[in-house]
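The values are calculated or read from the model by the stated rules, or taken from the named source; none is laboratory data. No experiment lies behind these values; they were computed from the predicted model shown. When we count neighbours, we look across all protein chains shown, and the Cβ atoms used for this are built from the backbone with ideal geometry, even at glycine. To get the accessible areas, we keep the full protein, side chains included, count just its heavy atoms, and leave off ligands, DNA and RNA. Shrake-Rupley method; radii C 1.70, N 1.55, O 1.52, S 1.80 Å.
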Amino acid sequence: MKSIFVLALLLASTTTETIVHEFHKLQSQKAELSFVEKYKSYTDISVQAYVLAVRMKQLEYENNPFSKLKQFHSYADELDALVKANPDNAHLRYMRLVIQEKTPSLLQYNDEIAEDKQKIQQLLLKDKTLNYLTNYIKDNTSL
């Protein structure tokens, strides 16, 4: 019982900023899998964006191109649905922008780049609590 309480306390104390930092430190397939396992049950939509991004990155290890393509579009649809339901979430927009800019144009997942850039800029100006995202955005996107 005590260990469950401690685990719940640790999960509650993990901030989105911490998760963003951890996401950007991922450097191996094993670390990525661990990240997904650790955060996949989080209900916070910002965290879900990072988990989806890692799942999409994991597709590079998939050998079957048809399976890879099907999974990619499934994850992209899931991310798009999250953005549509939460258009003012900077983390969702940032992750979608990163993925769109890194995805080969052949996959045609780049229609929302301009919109995401504009929205991210607006959100960063409006919400100063997101300042920690600025350097990540500059380092990982064309903004």
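Numbers for the structure displayed
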read-out	value
Within segment 65-105, tally of residues that are assigned to a helix (DSSP H, G or I), in contact (Cβ under 8 Å) with a residue 40 or more places away in the chain and open to solvent by less than 30 Å² (accessible area, probe 1.4 Å)	9
Residues of segment 114-142 classified as open to solvent by less than 60 Å² (accessible area, probe 1.4 Å), part of a helix (DSSP H, G or I) and either in contact (Cβ under 8 Å) with a residue 24 or more places away in the chain or under 14 Å from N89 (Cα atoms) (or both), total	11
Residues being among the polar types (S, T, N, Q), at pLDDT 95 or above and closer than 21 Å to T15 by Cα - total across segment 97-139	0
The listed residue being outside any loop (DSSP other than H, G, I, E, B), open to solvent by 20 Å² or more (accessible area, probe 1.4 Å), touching a Lys or Arg at 6+ places or on another chain (Cβ under 9 Å) and more than 21 Å from D111 (Cα to Cα), out of E60, E37	E60
